[in-house]
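Heads up, the thing below is written out as C-alpha cells.
The values are calculated or read from the model by the stated rules, or taken from the named source; none is laboratory data. Note that the structure is predicted; figures quoted are calculated from it, not measured. Ideal geometry is used to build each Cβ from the backbone, glycine not excepted, and the neighbour counts take in all protein chains shown. Heads up: the accessible areas ignore ligands, DNA and RNA and are worked out on the full protein's heavy atoms, side chains in. Shrake-Rupley method; radii C 1.70, N 1.55, O 1.52, S 1.80 Å.
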Amino acid sequence: MQLRPADPPRDFDDAAPDEDQWIPTTALSRAVFVCGVLLILAVLFGRADFVVLAVPLALSVAFGLSRRPRGAPGLRLSTVETLPVEGGELGATIEVENRDITGYDLAVLRVQHSPWLKLADGDRPQVTSVARGVAAAVEMTGPAIRWGRQTLGPASAYAVACDGLLISRAVVTGALGVRVYPMTEPFAADEAMPRAAGLVGQHRSRRAGEGGELAGVRQFAPGDRLRRIDWRVSLRTERLHVAATLSDRDAEVVILLDLLADAGRSEGVHGTASVLDRAVRASAAIAEHYLHLGDRVSLLEYGSMARKLRPASGRRQYLTVLEWLLDAYPSPTAQERGGAQLAASISADALVVVLTPLLDARSAGMLAGLVRAGRFVIAVDTLPAGLIAPVTSSGWSEVAFRLWKLERENTIGQLREHGVPVVAWAGAGSLDSVLRDVSRLASAPKVGAYR
Amino acid sequence: MIDKLRRVTPAPLIMRALVFATGFAALWSAAPGAALSPRFLFFIGVLSLVPAFAPGSRFVDVMMVLAVIFWVVATLGTGQTVTGPGTFTTACALYLLHSSAALAAVLPYDSIVDSAVILRWAARAALVIVVSAAVSTLIVLTVPSVTPGASVPVLLVGLGAAAGIVAVLSWAARLKKREL
C-alpha cells in the first residue's frame with residue numbers, strides 16, 4: 001500500500017487545476033468551425049477569396065489564444081466600517097484581481113445585498129476591464145435605510161479573456177455583516193424621576209445631602225461642613241446657619257420591549273415605520289437621553305427570547321444598547337411570563353418604560369402585573385397612528401376594525417384606571433406629562449401591597 | 001418583460017445593435033448582387049435581428065454559415081466577379097459579427113459597463129482588421145495561381161494544410177475542455 005506524503009513535493013504543480021478555471025465560449029468553437037469550412041472550400045474550389053474571408057477569424061483566434069490566462073481571478077468584497085446609522089451612507093468595494101500573464105477583456109461583478117442597503121446601481125452587474133497584474137475596484141455607495149444586521153454579499157465575478165473566446169469559472173466571496181444602528185428620534189424629558197437611587201447623577205432627590213440644589217437654610221449642627229456656612233444669614237441672625245442642599249442621585253430606567261407582535265409596514269427611515277421600528281428607535285432615544293443624564297439603563301425583552309441587558313451607565317452602555325437592539329425581532333410565544341414574574345427581576349426603584357403596541361391581551365396583563373408589584377410603569381404605545389381598515393370583499397372589515405379599535409381603547413382606559421399611564425410615542429417630550437404623574441404617585445404615601 | 005426593458009443599459013444595447021448591423025452587412029455583402037431586392041433586404045434585416053437578441057446562441061454560427069453560402073452562390077453560382085475590396089469587406093463583416101456577438105454574449109443586458117471595455121474591444125478589432133488587410137494582400141499577391149482543376153496531390157496537400165490549421169486552432173483552444 002502506498003501512502004501519500006504529508007508534505008507535498010517541492011515540484012508540486014499547482015497550475016494543473018487552474019487549467020480548468022477557463023473554459024471556451026461558443027465564440028471560439030464558432031470561429032474554428034467557420035475557419036475550417038472556409039479553408040476547405042478554398043482548397044476544394046482553388047479560390048484565394050475564401051482564404052481572405054477566413055483570415056480575420058483565424059488571426060483573432062491566434063492572437064487571442066497566444067497568451068492564455070491560467071489562474072482564476074481574485075475577488076474581494078469590503079466595506080468601510082463606519083458604524084452607520086439609518087439614513088447614513090455606506091460604502092462597499094468589490095475588487096477583482098488579475099494575477100495572470102494576460103489582461104482580461106472584462107470582468108462582470110455582481111453583489112447581493114440586503115434590500116435595506118440602497119447601493120447605487122447595486123442591483124446591476126458591473127463590468128470593468130482588468131489589465132494584467134493589477135486589481136480593478138468598483139465602488140458602490142448608498143444609504144442604509146433601516147436599522148438591523150444587514151448583509152452585504154456574497155459577491156461573484158467571472159472574467160472574459162482572449163477576445164471573448166475564453167470565460168473563467170465564477171468566483172464567489174463570502175457575505176459581510178453590516179450593523180446599521182437605529183436612528184434616535186429627538187427625545188427629552190424634563191420631569192424628575194420618580195425615585196432616584198445611587199450616589200451620583202443629575203436628578204434632584206428628595207433627600208438632603210451633598211448636591212447642587214438648594215433645599216433651604218438651617219442652623220448649624222455637628223457634622224456640617226464649614227464651607228456650607230451661610231455667612232450672610234449667620235451674621236444677621238447671630239447664629240451659625242448652613243445652606244442645606246438636596247443630594248444628586250441617579251436612577252435606573254428599565255426599557256421593556258414588547259415583541260409579542262409586530263404590525264405595520266416598514267419602509268425604512270424615510271417611510272412608514274412598523275411597530276418594531278418605532279419600538280427600537282424609541283428605545284434608542286430614551287436610552288440615549290437617560291444615559292446622557294448619568295442614569296443606569298437596562299433593557300428587557302417581552303417575547304420568546306426574553307433577552308436582558310444588565311443595567312449600566314455611560315457612553316459604553318449606550319453603544320451596548322444599540323448593539324442589543326439590533327437583535328430585536330418579533331418573537332411570538334404561546335407562554336409568556338406575567339408581570340409579577342417580570343417584576344422580580346426589576347429593581348423596585350426603577351422606572352419601567354414599556355414599549356408596547358398593546359395588540360396582545362397578555363401585554364395588558366403584564367403591565368397590570370408590574371403595577372400591582374409596585375413598579376413605576378409607563379406604557380408607550382408604539383402602534384403607528386393613522387391605521388386604516390384592511391380592504392376585504394365582505395364589507396364587514398370596517399365594522400370589525402372599529403370594534404377592534406374600541407376594544408383597544410377600552411383596554412387602555414382600564415390600564416389607566418390601574419395606574420398605568422399610556423402615552424403614544426411622539427418623539428421629544430413624549431413622556432413629560434406621564435413622568436409628572438408617576439412622580440406624584442411615587443411621592444404619595446404607600447399602603448398595602450407596595451414593596 | 002417591461003421591467004427588463006426598463007433596466008436595459010446603453011452599452012449592451014449598443015453592442016447588440018452592432019451585432020445586428022454587422023450581421024446585416026455580412027449577409028448583404030455576401031449575397032449575390034442580383035438578389036438584392038427590397039424584399040430580400042427586409043428578409044436579411046429580420047434575420048439579423050435574431051443574433052442581436054440572442055448573441056450567445058448558435059444562431060450567430062448559422063448567420064455566418066449563411067453568409068458563406070451566399071458567397072459561394074454569388075461567386076460560383078451566379079459567376080459574380082470577385083473583387084479584393086468586396087471580399088475584404090465581407091471578411092471584416094464576418095469577423096465583426098463574430099467578435100461583437102462574442103462580447104455582447106457576455107455583457108448582461110442591464111450591466112453598467114466601463115467605457116474602457118468597449119474601447120479595448122474596438123482597438124483589438126481594429127488591430128485584427130489592419131493585420132488581416134496586410135495578410136490578405138499578401139495572400140492575394142502570392143497565391144494567384146491556384147485554380148480549380150488542380151491535380152489530386154495538390155488538392156490533398158491543400159486539404160491537409162486546411163485540416164492542419166483547424167487542428168492547430170483547436171489545439172490552442174483545447175476545445176475538449178468544454179466537455180468538462
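Determine if the range B:9-29 includes at least one residue that is outside any helix (DSSP H, G or I) and open to solvent by 40 Å² or more (accessible area, probe 1.4 Å). No: the range B:9-29 contains no residue that is outside any helix (DSSP H, G or I) and open to solvent by 40 Å² or more (accessible area, probe 1.4 Å). If you go through the range A:299-341 and pick out every residue that is more than 23 Å from residue A:177 (Cα to Cα), surrounded by fewer than 13 Cβ atoms within 10 Å (Cβ to Cβ) and of a type in the set (D, E, K, R), you end up with 2. Among the residues of the range B:85-127, those that are within 19 Å of the chain's Cα centre (by Cα), more than 16 Å from residue A:164 (Cα to Cα) and facing chain A (nearest Cβ under 7 Å) comprise B:87, B:88, B:90, B:91, B:92. Out of all the residues in the range A:329-346, is one or more of a type in the set (Ser, Thr, Tyr), within 21 Å of the chain's Cα centre (by Cα) and assigned to a helix (DSSP H, G or I)? No, the conditions are met nowhere in the range A:329-346.
Picking from residues in the range A:115-133 that are within 12 Å of another protein chain (Cβ to nearest Cβ) and more than 32 Å from the chain's Cα centre (by Cα), the one that is most open to solvent (accessible area, probe 1.4 Å) is A:131.
Out of A:265, A:296, one residue alone is open to solvent by 20 Å² or more (accessible area, probe 1.4 Å) and without any contact (Cβ under 8 Å) to a residue 40 or more places away in the chain. It is A:265. If I filter the range A:43-57 down to residues being at the interface with another protein chain (Cβ under 7 Å from one of its Cβ atoms) and among the small types (Gly, Ala, Ser), which single residue comes out as surrounded by the fewest Cβ atoms within 10 Å (Cβ to Cβ)? Going through the qualifying residues, I end up with A:46. Of all positions in the range B:96-109, at least one carries a residue that is aliphatic (A, V, I, L, M), assigned to a loop (DSSP other than H, G, I, E, B) and closer than 21 Å to residue B:125 by Cβ.
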